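The values are calculated or read from the model by the stated rules, or taken from the named source; none is laboratory data. Here the structure is a predicted model, which means the values were calculated and not measured. When we count neighbours, we look across all protein chains shown, and the Cβ atoms used for this are built from the backbone with ideal geometry, even at glycine.
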């Protein structure tokens, strides 16, 4: 079984995964979800990576999952841990040397029509209120600098959410195809799909883990 390393998005917390984690654990997987030091303006992506790898410790067979802005951190963690797999969940997929600011124009997201209430559509009202209460102030001078990473040479999955108003499905299909050269797995849910459709997220992640495990068994055989 895998150990899923779950990385939250911008301004958020590990709480975002609290509905997904027990579903993964029920399938026999381990789970590590960490609060990144996003409120520290001096903390860079290397600090984010250290926070995650320290929490993971010596765990093996990790699969790193980045949600939204977590797409800038997940590949770095994946590289550092020498993980078995990487997942972009409704996430930004950066290119080497690209800044956070440039991503929006380079991907064409700046030409998308985004409604004012784009984040919590389909999330139950009580969960949306709690998520908003837990929001943190996303800081980081790193956002103006070039992304220092690369896409690790590991099995990689992109998951898009068909009801996402912030990263619309058509936009995500294009980003995934252009940047990863693959087709995204599509599931129901809005941008905060971990709160609106946790079962769909868990199923997609479990399927990916089984695929990786099967590939490994085939290679060893």
Mind listing whichever residues of the stretch 1-24 are out of contact with any strand residue (DSSP E or B) (no Cβ under 6 Å at 6 or more places or on another chain) and farther than 27 Å from residue 166 by Cα? 1
For the condition touching a residue at least 40 places away in the same chain (Cβ under 8 Å), loosely packed, with under 13 Cβ neighbours inside 10 Å and either touching a strand residue (DSSP E or B) at 6+ places or on another chain (Cβ under 6 Å) or under 23 Å from residue 75 (Cβ atoms) (or both), what is the one hit in 213, 144? 144
Residue in the stretch 105-124 that is more than 19 Å from the chain's Cα centre (by Cα), outside any loop (DSSP other than H, G, I, E, B) and farther than 19 Å from residue 170 by Cα present: no
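Residue check: is residue 86 over 27 Å from residue 169 (Cα atoms), surrounded by 15 or more Cβ atoms within 10 Å (Cβ to Cβ), touching a helix residue (DSSP H, G or I) at 6+ places or on another chain (Cβ under 7 Å) and in contact (Cβ under 8 Å) with a residue 12 or more places away in the chain? Outline the logic, then answer.
Working: over 27 Å from residue 169 (Cα atoms): no; surrounded by 15 or more Cβ atoms within 10 Å (Cβ to Cβ): yes; touching a helix residue (DSSP H, G or I) at 6+ places or on another chain (Cβ under 7 Å): yes; in contact (Cβ under 8 Å) with a residue 12 or more places away in the chain: yes.
No: the conditions fail for residue 86.
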Can you tell me which residues in the stretch 140-175 are modelled with pLDDT of 95 or more, over 23 Å from residue 195 (Cα atoms) and out of contact with any helix residue (DSSP H, G or I) (no Cβ under 7 Å at 6 or more places or on another chain)? 145, 146, 153, 174, 175
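Every residue, every condition in (1) within 23 Å of residue 186 (Cα to Cα); (2) without any contact (Cβ under 8 Å) to a residue 12 or more places away in the chain, yes or no:
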site	(1), (2)
31	yes, no
47	no, yes
73	yes, no
96	no, no
114	yes, no
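Quick check on this structure: which one of 169, 128, 132, 202 is surrounded by 14 or more Cβ atoms within 10 Å (Cβ to Cβ) and either free of Cβ contacts under 8 Å to residues at least 24 places away in the same chain or in contact with a strand residue (DSSP E or B) (Cβ under 6 Å, 6 or more places away or on another chain) (or both)? Spell out the reasoning first.
Details: 128 fails: either free of Cβ contacts under 8 Å to residues at least 24 places away in the same chain or in contact with a strand residue (DSSP E or B) (Cβ under 6 Å, 6 or more places away or on another chain) (or both); 132 fails: surrounded by 14 or more Cβ atoms within 10 Å (Cβ to Cβ); 202 fails: either free of Cβ contacts under 8 Å to residues at least 24 places away in the same chain or in contact with a strand residue (DSSP E or B) (Cβ under 6 Å, 6 or more places away or on another chain) (or both).
Exactly one of 169, 128, 132, 202 is surrounded by 14 or more Cβ atoms within 10 Å (Cβ to Cβ) and either free of Cβ contacts under 8 Å to residues at least 24 places away in the same chain or in contact with a strand residue (DSSP E or B) (Cβ under 6 Å, 6 or more places away or on another chain) (or both), namely 169.
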Would you say residue 32 is more than 19 Å from residue 140 (Cβ to Cβ) and surrounded by 16 or more Cβ atoms within 10 Å (Cβ to Cβ)? yes
